[in-house]
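To start, the structure itself, in structure tokens.
Please treat every number below as a calculation from the coordinates, not as lab data. Given the structure is predicted, the values throughout are model-derived calculations rather than measurements. Counting neighbours? That spans all protein chains shown, and the Cβs are built from the backbone with ideal geometry, glycine included.
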Amino acid sequence: MQLVVARIGRAHGIKGEVTVEVRTDEPELRLGPGAVLATEPASTGPLTIETGRVHSGRLLLRFEGVRDRTAAEALRNTLLISEVDPEELPEDPEEFYDHQLMDLDVVLADGTEIGRITEITHLPSQDLFIVERPDGTEVMIPFVEEIVSEIDLEEQRAVITPPPGLIDESEAVVASSRDDEEAADAAEGGKDD
């Protein structure tokens, strides 16, 4: 099975290094020197990692045969793909590969069906489940512990405890600091009488 483990960013320096946007929780395993990675588009690969280092919080890689900035810049936006055994599990039992989460049924704690995970979006701050509801609409659910309370791979389901308004907009609680100030002013006004 193939997993996208990184996306190549811009060239760094003049010796062929590139920045990469890491898309794996195991970069030391997937993006180490000697790793051979397939690419998307396929015409740019396969690429073999020659060196890797962290600079200012970003991972920099150099690939065999890429020796200058022009060659490195030509790789920009290329996806790096690692071959992974589908039975392999992450070391941490609280972590999951995307392919394990795809097509899981999403239910509330009481068993109410919400939908099915059709996509996982990786954002800088958190991951999102894109869930297709039975009526064909989609809802985005942040993959955070406070909302996704359980992932049960045997039962093929994700149990969620969403805050009001996440699933049903009519339950949303709209609060603003202006409303709070008006309520406080009204309360104080009643005391002065």
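Numerical summary
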| read-out | value |
| --- | --- |
| Value in Å of the Kirkwood radius, where region 12-157 supplies the Cα pairs that are averaged | 17.5 |
| Cβ crowding within 10 Å averaged over residues, with 136-149, 37-50 ranked highest first | 37-50, 136-149 |
| Extension gain, SER125 back to ASP152 (0.36 nm per residue minus Cα-Cα distance, nm) | 7.3 nm |
| Built amide H within the under 5 Å cut-off of ARG157, gap 5+ | ASP105, ASP152 |
| Karplus (6.51, -1.76, 1.60) ³J(HN,Hα), θ = phi - 60°, over region 116-130, in Hz, Gly and Pro reported as x | 9, 6, 10, 7, 10, 10, 9, 9, x, 8, 6, 9, 10, 8, 9 |
| In order through region 145-157: 3J(HN,Hα) via Karplus (6.51 cos²θ - 1.76 cosθ + 1.60), integer Hz, x for Gly, Pro | 4, 5, 10, 8, 7, 7, 10, 10, 5, 5, 8, 6, 8 |
| log10 of Debye I(q)/I(0), alpha-carbon scatterers only, for region 100-146 at 0.15, 0.27, 0.29 Å⁻¹ | -0.36, -1.05, -1.15 |
| Other-chain or far-sequence residues with amide H under 5 Å of GLU119's (modelled H) | ILE130 |
| Neighbourhood charge, 12 Å Cβ-Cβ cut-off, centred on THR121 and excluding it, Lys, Arg +1 and Asp, Glu -1 | -3 |
| Amide H partners (placed H, <5 Å) of GLU26, local residues excluded | none |
